[in-house]
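The values are calculated or read from the model by the stated rules, or taken from the named source; none is laboratory data. Keep in mind the model is a prediction, meaning the values are calculated, not measured. Neighbour counts are summed over all protein chains in view; Cβ atoms, including those assigned to glycine, are modelled from backbone coordinates with ideal geometry. Please note that ligands, DNA and RNA were not included when accessible areas were found on the heavy atoms of the full protein model with its side chains. Shrake-Rupley method; radii C 1.70, N 1.55, O 1.52, S 1.80 Å.
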Amino acid sequence: MKQASIALPAPHAEASPPADCVVQVAVPVPFADTLSYHLPPAMTDRVCIGARVVVSVRNRTLVGVVTALDASGTASAVRIRPVDTLLDETAFLPESSLDFLRQVGAYYLTPLGEVVATALPNWFRRLPAKAPPVARWWRLARPLSAQEKKQLASRAPRQWEILQAVEQAGVILGKDLAALYPQAAAACRQLQKKGLLAEQDSCVLENQQATTPDFELTTGQQKALEVIRSQQGFAVNLLDGITGSGKTEVYIRAIQQQLEKGRKVLVLVPEIGLTPQLFGEIGRRVTGRVAVLHSGLSDGARAREWQNVRDGKVDVLVCTRSGIFVPMEGLGLIIVDEEHDSSFKQQDGLRYHARDLAVLRGQRENIPVILGSATPSFESLHNARTGKYHWLKLRQRTNRSPLPAIQLLNTQNKPMRGGLAVSVLQRIDQELAEGNQVLVFLNRRGWSPALLCHACGWVADCQHCDVKLTYHKRIHRLRCHHCDREYPVPEFCPKCGSQDIQPMGEGTEKLGDTLAGAVGTERVIRVDRDTVRSANQWKKTLARIRTGQPCVMVGTQMLSKGHDFPNLTLVVVVNVDANFFSLDFRAPEKLAQLLVQVSGRAGRKDRAGEVLIQTHCPDQPLFQQLFRQGYEAFAEAELEQRAAAGFPPASHMAIVRARAKNAEQVEGFLQQMAEALPENPEVAVMGPIPAPIFRKGDFYHMQLLFNSHQRPALRRLLRQLLAWPGLKRPPSGLHWSLDIDPQELA
Ligand code: ADP
Ligand code: ZN
Ligand code: ZN
């Protein structure tokens with residue numbers, strides 16, 4: 001084992017700084033923000049705050065970031081370990097960025113080292129340290145005239161296809177293009193020779209000349225932009241605009257305005273699937289360098305783009321959740337699109353909410369923030385209602401087409417076929433005959449959510465989880481959607497021996513089959529995790545839908561978000577009734593958002609859309625309120641109920657979750673934790689209670705729930721909790737985590 005500083009020679013004693021230089025290094029360890037290391041004299045005049053270093057922690061070698069220099073040193077300094085290697089001679093993370101991460105750590109009560117590890121792209125924490133590889137991206141070399149496009153389309157349809165794909169994406173990785181089109185590489189070279197495509201080594205889309213469409217802004221858009229334009233420092237705007245009200249146009253103009261001032265903009269979007277659309281749109285419209293960063297890129301490509309942004313080579317960054325951490329000097333505005341979306345919340349490790357961090361960062365940097373949605377989160381609506389946020393409402397559709405007509409279809413005692421009402425199947429057929437597209441939404445994949453014995457009532461359960469198994473017909477297997485285990489389908493009931501075992505209820509696989517029987521296999525496009533497994537497959541499927549050919553899309557919530565399907569006239573929603581029985585107080589909010597979002601997909605420029613909801617409970621107050629009075633009124637009533645019940649956003653919550661293979665052990669651990677906490681009248685502590693699914697993958701899950709009207713009181717208690725000695729040595733095999741502002745009670 002290497003010894004610390006005393007063993008190191010100091011050859012140029014007069015010239016070098018004091019040998020006892022100690023640095024603080026942020027490494028991902030529990031319970032400590034940073035660890036102290038001794039800096040060998042050879043490194044002392046090269047080190048700076050924000051540089052990465054290689055250090056050993058217990059028996060592991062890790063990459064950490066220097067967060068403080070302490071040249072004075074102390075007596076203990078001679079016993080601490082040395083830094084192994086200095087990876088950077090300039091600040092890899094700028095100090096402003098470190099300060100932000102410190103604040104994030106303080107908010108989520110998470111050690112700085114863990115926050116830094118979450119914020120840095122994986123590539124930069126890996127050993128041996130290497131520069132990220134150069135990737136090849138394609139873009140259009142210049143805009144094409146309509147005439148040229150027509151020519152290319154007729155003379156070289158393959159090349160035309162590729163060119164369109166590149167134009168749609170803005171810039172696209174050669175590798176991704178090849179995954180979409182087998183002959184892409186050859187076609188790109190030919191297009192390059194013709195001077196139509198150009199190659200570059202980053203995903204930056206550069207536009208010299210901003211373009212402005214010739215329409216007039218709606219009054220709502222104008223007002224919103226006036227408010228945003230007038231903001232000099234920190235301000236949060238809730239851009240609450242119905243689908244088709246032109247929120248993107250507001251974003252784009254607000255971005256352009258910042259670019260003209262020489263400032264930069266960060267745009268957060270919930271999912272990779274949504275990135276290309278917005279990225280392309282912004283890239284075409286604003287003057288500046290626009291780039292995209294998301295988890296669909298390889299580690300290397302992501303690291304490279306991250307570096308480009310940090311080094312000031314990007315003016316507008318469109319990114320998913322983790323992009324909120326990217327250092328960006330001269331930031332002037334942060335936009336969060338679809339701010340209500342739950343994918344902004346990270347559900348493991350550092351459980352941060354990117355929307356909340358956008359507000360925190362906006363405050364730090366003293367700049368405006370725009371949160372946009374057609375169905376704002378109740379948290380944001382609460383802040384708008386109480387005047388903390390500027391409430392900018394867009395209530396007019398830009399094309400003046402009416403909102404879709406929504407109809408509840410009571411399925412009790414109606415003739416049904418394979419999960420769909422016969423009348424619904426007829427309507428679908430009619431729409432297709434008229435050349436339109438239809439979307440059938442069901443948030444459940446597989447053939448049926450249960451396999452049941454009709455003789456004795458036995459139901460096939462997972463042997464490792466407290467859940468029913470889903471029957472998948474194509475593979476003829478039972479699958480657990482929680483632990484991913486598969487089981488053969490029994491021929492006889494294991495309980496009574498009867499052969500009368502049948503799948504019960506329907507998932508997307510079954511609906512797809514029903515629809516194929518009704519309108520023909522070739523017109524059905526199923527979209528769920530079983531049929532669309534990669535980002536590229538998703539792009540292919542989207543491209544197929546966007547051809548506008550009549551088809552029925554059937555799928556899960558992959559289909560519900562932010563996509564424009566120009567020929568879609570009818571949306572059918574199947575079985576949302578289970579949501580009415582959920583224990584989570586957010587279930588009505590989530591359901592309302594989902595219904596409004598899916599409904600928003602219906603309707604074409606020239607024709608109002610229609611939404612049919614199949615339900616057993618048409619009298620549910622949620623439906624009545626939502627569809628008669630609209631989302632805002634619905635939210636208002638719900639917010640009042642939440643306030644009366646003392647739930648967020650009227651209160652603040654935190655959850656400690658624990659799991660172990662031994663149920664008593666989990667309960668005992670949480671019980672002791674609860675008992676160790678001092679009495680605090682300001683904070684309600686509930687539990688230990690079993691999680692909604694108690695046993696999952698052989699682990700028993702339990703939780704302690706904290707709820708308080710006063711955030712400071714809650715934080716004080718949580719700090720006391722984190723100081724409980726029992727946490728330092730939890731029983732072996734027991735895992736625990738703290739979730740501040742949990743989005744799900746599960
Ligand atoms: P949202 O994001 O609010 O659902 P979009 O931003 O997608 O709505 O806008 C819908 C369509 O309306 C887009 O094609 C956009 O170009 C167009 N649009 C935006 N603003 C206007 C306007 N003021 N007049 C006419 N069309 C507009
Ligand atoms: Zn049976
Ligand atoms: Zn399972």
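Below, the figures for the structure above:
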| read-out | value |
| --- | --- |
| Failed criterion for E431 (all others in (1) open to solvent by less than 30 Å² (accessible area, probe 1.4 Å); (2) outside the structural domain of Q614 (by TED's automatic domain parsing); (3) away from ligand 3 (no atom under 16 Å from the Cβ) hold) | (2) |
| Residue in the range 473-486 that is among the aliphatic types (A, V, I, L, M), within 16 Å of ligand 3 (Cβ to nearest atom) and open to solvent by less than 70 Å² (accessible area, probe 1.4 Å) present | yes |
| Listing of strands (runs of 3 or more DSSP E) fully contained in the range 657-746 that carry 3 or more residues being touching a residue at least 24 places away in the same chain (Cβ under 8 Å) and touching a Cys at 6+ places or on another chain (Cβ under 9 Å) | 683-696 |
| Strands (runs of 3 or more DSSP E) wholly inside the range 225-321 containing at least 3 residues that are more than 27 Å from P121 (Cα to Cα) | 235-241 |
| Residue in the range 566-587 that is at pLDDT 80 or above and over 30 Å from W447 (Cβ atoms) present | yes |
| Matching option when the condition is of a type in the set (K, R) and either more than 27 Å from Q258 (Cβ to Cβ) or in contact with a Phe, Trp or Tyr (Cβ under 7 Å, 6 or more places away or on another chain) (or both), among R189, R142 | R189 |
| Residue that is farthest from G288 (Cα to Cα) [pool: residues in the range 180-235 that are of a type in the set (S, T, N, Q), within 16 Å of ligand 1 (Cβ to nearest atom) and open to solvent by 30 Å² or more (accessible area, probe 1.4 Å)] | T219 |
| Unique match (being within 19 Å of the chain's Cα centre (by Cα), in contact (Cβ under 8 Å) with a residue 40 or more places away in the chain and away from ligand 3 (no atom under 16 Å from the Cβ)) among L259, L278 | L278 |
| Residues satisfying the stated conditions in the range 495-539, i.e. within 16 Å of ligand 2 (Cβ to nearest atom), open to solvent by 40 Å² or more (accessible area, probe 1.4 Å) and not in a loop (DSSP other than H, G, I, E, B) | Q502, P503, M504 |
| Matching residues in the range 477-486 - criterion: being in a loop (DSSP other than H, G, I, E, B) and within 16 Å of ligand 2 (Cβ to nearest atom) | none |
| Answer residue from the range 566-605, given it is crowded, with 21+ Cβ neighbours inside 10 Å and assigned to a loop (DSSP other than H, G, I, E, B) and is nearest to ligand 1 (Cβ to nearest atom) among those | G600 |
| Qualifying positions in the range 614-639 - buried (at least 18 other Cβ atoms within 10 Å of the Cβ) and not acidic (D, E) | Q614, T615, Q620, L622, F623, Q625, L626, F627, Y631, F634, A635, L639 |
| Subset of the range 309-342 [free of Cβ contacts under 8 Å to residues at least 60 places away in the same chain and more than 11 Å from the chain's Cα centre (by Cα)] | V309, D311, G312, D315, L317, V318, I324 |
| Wholly enclosed strands (runs of 3 or more DSSP E) of the range 26-143 bearing at least 3 residues open to solvent by less than 20 Å² (accessible area, probe 1.4 Å) | 35-39, 52-57, 60-70 |
| Filter result (within 30 Å of A178 (Cα to Cα) and without any contact (Cβ under 8 Å) to a residue 40 or more places away in the chain) within the range 85-127 | none |
| Output for the range 363-388, where each listed residue is surrounded by fewer than 22 Cβ atoms within 10 Å (Cβ to Cβ), small (G, A, S) and in contact (Cβ under 8 Å) with a residue 12 or more places away in the chain | A384 |
